[in-house]
Amino acid sequence: MCPIANLSDIVRMPRLGKIHLGVKVEAPGKNPYPRATDYFVCPPEVQEVFGPKPKELPIMFPVDTVEQFAQQWYRAYTRTQGLVCVGDGEVCRRKVDMDTGALASHVTIEGRWEWTEDLPCDPQECPEYATKSCRRVMNLQFLLPDVPGLGVWQIDTTSFYSIVNINSMIKMLKGMLGRCSMIPLTLVLGPVEVSPAGLKKKTVFIMHINKNIKLADMARLAQLPPARALIPEPEAEEPPEDLYPKEVLEAAESTRKQKAKPAKAQPAPVIEGTAEDLFPEEAVAEPKPGKYGPVTTDMPDIAAEQAFTPPEPEAKPKRDPESIKNIAQLYSVCFEDFKLQPKVVLKELGYGSQTDIAETPAECYRKIAAVRE
């Protein structure tokens, strides 16, 4: 009997559970908040093997494809909609309310939302990042060979240093040995002294892979055939409670509600400053901001473009083109002034994608306004 093509050769490993890097603290009269620990917070079956507060975990990566076992994205969540935005610091995809063009929220009618692609992503000017409902997240999945069960375990981290440490070791292993899968490693949570910009030196606990490894031993292990398996997609639809406390998401949603604008779209405000990292005491230097403008929740309904014929404006809009500072604002004012969807804006400018735009937003607006007069 022949196997089914593209089906019989697929093996998916189940997810056995999650391991955390902190605990939730509840103080009288205050909202609960996450607090970092100097040990891995493990479920009971892992504690039975390594003790109640392990600082080291013997692990193996199940595959060599980093995108499968160590996904890394900026992720934004809300309490009512779950995952609403995924980005890489330059472009993102957002869950948009089809009736308002804003980010899907608690007022979005069920089924009246869609995922919109290729929008600008700049964490330094993102409203969700400023309210901590968006964070950079690495979903690290691995095997625990000493723990009973066949499957992977997952740790979520937003620590800049932890992400850099793990990425660096993976690249080193693949560069020296040709692979990183099914090689015994030790994941360590250890203290490191850091000097965040504008803050005093402090000691934080970050993850790294134990460097006390004999290359000769690893080279011999690398000669063994790796297991062939596909691990499950990381749990990403629901926000990790230790990274996105529900009180933070509720406060962010309340802030968006208070700042909700009327039907007339306005340019998105520029928000200064950065958000803390995984825990309040672990503030770290942020990566450089993206090259695109701030994300705005005033985006028009892109899905309706094919069925929408923009009407001719009754009068020339009175707007200062120089007030348009980025592409997101250009889309917003073109929709307000000319009822143009983003794809139509790009088409009238003669571009196939917003990444091809070589003119300033003000010049683009003048060009469109000249045609519409």
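Computed from the coordinates by the stated procedures, all read-outs in this text should not be read as laboratory data. Computed from a prediction, not measured in an experiment: that's the story for all the values here. Backbone-built Cβ (ideal geometry, glycine too); neighbour counts: all protein chains shown.
Couple of notes before you dig in:
- Placed amide H near I206: partners under 5 Å, 5+ positions off or other chain: G190, V192
- Förster-model FRET efficiency, 56 Å R0, K318 and T186, C-beta, rounded to 0.05: 0.30
- In this Cβ point-charge picture (+1 for Lys and Arg, -1 for Asp and Glu), the stretch 50-177 has a dipole of about 500 debye about its Cα centre.
- Residue-span extension gain [V66 to R372] - 0.36 nm each, minus C-alpha spacing: 105.3 nm
- K201/V23 FRET efficiency (R0 41 Å; Cβ-Cβ; nearest 0.05): 0.95
- Computing FRET efficiency as 1/(1 + (r/R0)^6) for D217 and K325, where r is the C-beta to C-beta distance and R0 is 45 Å, gives about 0.20.
- Amide H contacts of A104 (H built 1.01 Å from N, in plane; Pro and chain starts excluded): K95, V96, D97 sit under 5 Å, all sequence-distant by 5 or more or on other chains.
- Set K343/K367; K318/K339; K174/K202; K24/K95; K18/K202 screened for pairs whose C-alpha atoms are more than 22 Å apart: K174/K202; K24/K95; K18/K202
- As a proxy for reagent exposure, ranking T360, T203, T355, T108 by other Cβ atoms within 10 Å from fewest up yields T203, T355, T360, T108.
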